[in-house]
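The structure appears right after this line, and notes come after that.
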Amino acid sequence: MKKILLFCFIIYSQIGLSQNPNDCSNAILLCGDTDLGITPSGIGTDEFALPGNPTPICYDFRADQVWFRVEIETTGIFSFVLTPDTAQADYDFAVFGPVNDCNNLGAAIRCSSTNPSAAGVTGDTGLNDLETDVNEGPGQLGNGFLQELTVNAGEVYYIIVGLAIGQGGFSLSTSGSADLPPSPTANPVADQDVCDDFGLQDGFREFDFTPLDVDILLGQTGVSVTYHESLNDANIGVNALTFPYVNTSNPQEIFVRAIRNDSDCTDYTEFIITVDDTTVVTDADPVIICSENATESFDFETVIDVLVPNSANFNVTYHLTEADAENDLNLQGSLFTATLVEETYFIKVIDPTGLSCEYVISAPLFVANPPAIATPQDLFLCDDDFDGFLNLTFSDQNMEVLNGLDPTLHQVQFYSSSTDRTGNQNALGTSITTTQNPQRIYVRVTENRTSCFEDVAYSITVRPRPILGVQDDIIVCIDPVAPTRVSVASGFDFYEWSTSEMGANLNAIDIDQPGDYTVTVTNNFGCESSLTITALPSDIATLDDIITEDFRNGDNTAEFIVSGPGEYEFSVDNGPFQNSNFFSGLYKGFHRVRIRDKNGCGTLTQQFVVLDYQRFFTPNGDGFHDYWTFDGLSRFPDAIIYIYDRHGKLLHQMAPEGVGWDGTFVNNPLPSSTYWFTLQIPNKPLVKGFFALKR
């Protein structure tokens with residue numbers, strides 16, 4: 001035998017107290033296999049004021065309390081465990097018996113008032129097979145449990161439980177070998193969903209629940225069934241419903257009490273009643289037939305399970321007007337003709353069981369033609385970076401495809417394959433980078449309102465641009481004798497230069513000024529490429545200075561300082577040209593330097609002189625070295641030359657333009673000897689030296 005009872009100590013002001021189990025005479029009968037729920041409150045009648053009912057020695061039970069009656073069916077052991085719902089609650093109890101009635105309970109045979117907090121134990125209390133004491137408490141005395149009862153068949157016992165401290169309900173679990181009276185079973189029944197098909201459709205109607213008795217009892221005999229508006233009424237057995245009964249709320253919970261006729265053993269169940277309004281007209285989404293035709297046949301049977309879930313369980317009829325549907329008139333077949341004009345038809349749905357309300361569905365139906373779009377022209381586009389692929393947006397194609405349709409009412413989507421378009425997946429968005437050449441683009445235009453669509457496709461071909469290669473810079477002379485030719489590859493369809501020159505075969509032009517020259521070339525596809533050629537300036541050299549080192553006896557040098565925009569090379573006395581502007585090994589006298597622009601912009605020729613003197617002369621009249629001279633001195637007409645003997649005697653002043661000194665002094669020949677000279681040229685250092693006269 002085991003039984004669990006659940007109690008909740010919540011006070012409801014509307015509960016009648018005439019049968020509240022806080023009185024011994026209204027004690028709850030403990031039955032086998034029955035769960036109880038109750039909301040007891042107060043202390044009820046003071047049973048301990050009677051002469052035959054002495055107050056238990058452990059507790060006076062003057063608080064919220066509940067009484068239980070225990071009727072023993074078979075001899076054995078009886079025990080129980082009481083567990084509070086909240087840790088703060090302290091429940092005390094006393095057991096009386098065996099007795100005949102509540103007027104002569106006698107002294108309690110078990111009494112417990114241990115305070116769990118003071119005793120350091122849990123709030124659990126009751127009877128078990130481990131304890132030997134029959135009384136405990138108050139305060140810290142005891143552990144909450146007393147010795148179980150040995151009982152005999154036919155005996156009656158009473159148990160009082162009082163809430164000493166705290167609040168909340170408790171659970172009660174009985175056990176032991178002794179049997180208690182059997183409980184009935186209140187079998188569950190389905191919630192009742194019914195139509196408001198009587199009187200005003202306001203969600204309230206009359207009920208008679210007595211037909212449910214059969215399902216609740218399922219063949220049990222000697223058991224009565226009553227229906228109640230609250231669980232408390234059902235537990236106490238008060239305020240049973242009478243029929244016909246009108247619900248007080250919608251939806252509403254109804255509580256069922258099943259009680260054995262030969263005992264007070266009960267069981268409980270509950271169900272919910274819902275009252276539906278009747279003749280509800282619902283609007284279905286329009287049925288749209290996408291077709292190129294103006295009319296199409298449509299059978300509503302193909303979509304009835306969408307409009308009416310589990311339609312096979314209902315009676316479904318079709319009508320041309322709402323009034324016909326509501327009044328079950330002019331039944332039509334399920335096949336209708338749809339046109340380009342939206343027409344609404346009406347479907348009547350009736351539940352043959354009467355549990356669900358009948359209703360009418362308004363179902364619009366029409367044919368929608370696919371969007372009248374245009375196939376865009378295939379695109380032939382010029383490459384932008386010589387790789388054969390392009391990045392492009394679809395904005396221009398949107399308008400072309402829509403062909404005047406309102407873009408706010410249509411959706412245009414682009415796909416890279418017909419498979420993606422069919423599956424409505426991997427749409428390309430608003431731009432694409434081509435991956436093939438040519439590449440096919442698949443387009444779908446969907447009308448937003450109807451979801452009808454039309455498909456088209458077009459190709460994108462990327463045409464090559466002219467390849468002009470890399471052009472090195474060129475040189476143009478500042479003062480050219482002839483113009484410089486600038487050219488690019490031939491064979492293209494058209495050339496246009498930044499000089500405004502243009503033509504089909506004009507791949508070259510003549511220029512005479514430095515600068516940037518741009519040519520735009522067009523091939524046979526109409527694709528363009530541009531190339532800029534830079535013409536760098538060059539010119540004949542300007543000789544800024546000649547730096548000579550003279551009087552080095554045949555190893556004289558000359559360095560030529562030049563300026564100009566070009567690159568120059570040098571030649572002296574028709575010798576080979578060299579990059580260096582420095583020459584050595586030059587003899588005295590006049591020389592000619594040529595300075596040539598490497599880019600062909602001209603050659604500068606300039607005479608220059610190297611000063612040196614003869615180291616000896618032989619004035620013997622043979623025509624060779626008859627005079628001592630300074631070659632090139634004529635270039636310096638202001639020069640002054642003085643000749644001296646070895647003793648410093650001035651012998652001769654020689655003019656720069658003269659033939660030289662003949663070796664005489666006052667017309668008398670001088671002997672072979674060494675003679676000295678000084679040379680003074682303005683703005684140049686004084687030159688001194690000596691030479692030999694040989695006879």
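Here are some notes:
- Scanning region 76-105 for residues that are touching a residue at least 40 places away in the same chain (Cβ under 8 Å), assigned to a loop (DSSP other than H, G, I, E, B) and in contact with a Gly (Cβ under 9 Å, 6 or more places away or on another chain) yields 85, 86, 88, 89, 97, 98, 99, 103, 104, 105.
- Being open to solvent by less than 30 Å² (accessible area, probe 1.4 Å) and either outside any loop (DSSP other than H, G, I, E, B) or closer than 24 Å to residue 345 by Cα (or both) holds for only one residue in 274, 269, 282, and it is 269.
- Given (1) in contact with a Lys or Arg (Cβ under 8 Å, 6 or more places away or on another chain); (2) under 24 Å from residue 46 (Cβ atoms); (3) open to solvent by 20 Å² or more (accessible area, probe 1.4 Å), number of the condition residue 183 does not satisfy: (2)
- When restricted to residues that are over 16 Å from residue 273 (Cα atoms), of a type in the set (Gly, Ala, Ser) and either in contact with a strand residue (DSSP E or B) (Cβ under 9 Å, 6 or more places away or on another chain) or in contact (Cβ under 8 Å) with a residue 40 or more places away in the chain (or both), region 202-222 contains 1.
- Candidate set: region 477-510, residues that are open to solvent by less than 70 Å² (accessible area, probe 1.4 Å) and in contact with a Pro (Cβ under 6 Å, 6 or more places away or on another chain); chosen: the one farthest from residue 566 (Cα to Cα): 492
- Residues that are in a loop (DSSP other than H, G, I, E, B) and within 30 Å of residue 603 (Cβ to Cβ) were ranked within region 500-531; the one that is nearest to the chain's Cα centre (by Cα) is 514.
- Where a residue in region 223-248 is part of a helix (DSSP H, G or I) and its partner, wherever it lies, is surrounded by fewer than 18 Cβ atoms within 10 Å (Cβ to Cβ) and not acidic (Asp, Glu), with Cβ under 6 Å and at least six apart: 231/37; 233/239; 235/37; 236/19
- Screening the candidates 619, 669 for the property of being farther than 30 Å from residue 540 by Cα, touching a residue at least 40 places away in the same chain (Cβ under 8 Å) and exposed (fewer than 14 other Cβ atoms within 10 Å of the Cβ) yields one hit, 669.
- For region 559-582, a residue qualifies if it is more than 24 Å from residue 629 (Cα to Cα) and either assigned to a strand (DSSP E or B) or touching a Cys at 6+ places or on another chain (Cβ under 8 Å) (or both), and the qualifying residues are 559, 560, 561, 562, 563, 566, 568, 569, 570, 571, 578, 582.
- When the residues of region 145-180 are filtered to those that are in contact with a Cys (Cβ under 7 Å, 6 or more places away or on another chain) and either surrounded by fewer than 18 Cβ atoms within 10 Å (Cβ to Cβ) or modelled with pLDDT of 90 or more (or both), the one that is nearest to residue 66 (Cα to Cα) is 158.
- Residues located in region 366-388, provided they are under 34 Å from the mean Cα position of the chain (by Cα) and exposed (fewer than 14 other Cβ atoms within 10 Å of the Cβ): 384, 385, 387, 388
- Qualifying residue in region 106-121 (condition: outside any strand (DSSP E or B), among the charged types (D, E, K, R) and open to solvent by 10 Å² or more (accessible area, probe 1.4 Å)): no
- Search result, residues across region 53-80 that are out of contact with any helix residue (DSSP H, G or I) (no Cβ under 8 Å at 6 or more places or on another chain) and closer than 15 Å to residue 25 by Cα: 65, 66, 68, 69, 70, 71
- When the residues of region 531-541 are filtered to those that are open to solvent by 50 Å² or more (accessible area, probe 1.4 Å) and in contact with an Asp or Glu (Cβ under 9 Å, 6 or more places away or on another chain), the one that is nearest to residue 481 (Cα to Cα) is 540.
- Extreme residue, modelled with the lowest pLDDT, among residues of region 401-438 that are among the small types (Gly, Ala, Ser) and assigned to a loop (DSSP other than H, G, I, E, B): 429
- Region 200-220, residues that are open to solvent by less than 30 Å² (accessible area, probe 1.4 Å) and assigned to a loop (DSSP other than H, G, I, E, B): 203, 209
- The listed residue being in contact with a Gly (Cβ under 9 Å, 6 or more places away or on another chain), open to solvent by 40 Å² or more (accessible area, probe 1.4 Å) and either over 30 Å from residue 104 (Cβ atoms) or modelled with pLDDT under 90 (or both), out of 233, 197: 197
- Residue that is modelled with the highest pLDDT [pool: residues in region 618-642 that are farther than 18 Å from residue 550 by Cα and of a type in the set (S, T, N, Q)]: 618
The values are calculated or read from the model by the stated rules, or taken from the named source; none is laboratory data. This structure is a prediction, so every number in the text was calculated from the model and none was measured. Neighbour counts run over all protein chains shown; Cβ positions are idealised from the backbone, glycine included. For the accessible areas, the whole protein counts, side chains as well, though only heavy atoms, and no ligand, DNA or RNA atoms are used. Shrake-Rupley method; radii C 1.70, N 1.55, O 1.52, S 1.80 Å.
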